[in-house]
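Reading through the structure tokens given below for one structure.
Read-outs throughout are calculated quantities, based only on the coordinates presented, and are distinct from any laboratory measurement. Since we're looking at a predicted model, the values are computed, not measured. Using ideal geometry, Cβ is built from the backbone for each residue, glycine included, and neighbour counts are taken over all protein chains shown.
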Amino acid sequence: MGGGMWGIRMAVVLLSMGQVPICTFQVQNNITSMPELNISQAKGHWNFISLATNEKLSEEDKQDIKMSLTVFSPFANGSVNVQTTTVSSEGVCMEINTTYSKGNISEQYRSNDGSPCYFIVIDTDYKNYGIIYIGNIENKNDFQIKLYGRTKVVTEEVFKKFKKVAKSFGVPGKNLIMLSRSEPCS
């Protein structure tokens, strides 16, 4: 496997983890956050179900990106801890904990670990689904859009909404990836 392919594989592993310290997706950066977001209502378990990206991935790479479990734990001060558990393409369970604080821009949550990435909740009903934009403060053209669900499946209506959001950012339909379900980590 060549050096370039290793970089793609590493990006795939990071994508499957639900949090990416490097953001490598190019498009526009017109983001409308969910008005009056109440992050405390997002508390609890979420399944990372689908990814929208401009990055061209091979079919093998798409298969390596697995569904993951993410737990949002909001704090009284408005920050939130995000714990992501996933199975790597090698079958190894991995867990990442990152705390995000509300940034200077409305509804933008920035990582406390110095990562250039941030997230904005674009839409959620708190009970069934969440659509989240993950951007890079150092390069506004780097981003990804993720669909989360309280269960491992969402309604067709929610998936259509996710596709519409991805399209509004210029992501072609062929670059919407429904994630492979992974065996849960014990």
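State, to one decimal in nm, how far the label point of M178 lies from the label point of D125, with both points 7 Å from Cα in the Cβ direction.
Distance between label points: 1.9 nm.
So who's got an amide H within less than 5 Å of the one on M67, skipping anything under 5 residues away but keeping other chains? H placed 1.01 Å off N, in plane.
Excluding prolines and chain starts, which carry no amide H, the hits are S180, R181, S182.
Return the lysines within reach of K160: Cα separation strictly under 24 angstrom, same-chain partners fewer than 8 residues apart disregarded; answer none if there are no such residues.
K56, K62, K66, K127, K146, K152, K174
At 7 Å along the Cα-to-beta-carbon direction for both M34 and N81, put a label point, then send me their distance in nm to one decimal.
Simple spin-label model gives 2.2 nm for this pair.
So, in nm, how far is label M94 from label V71 when the simple model puts each one 7 Å beyond its Cα toward the Cβ?
The answer from the label model is 1.9 nm.
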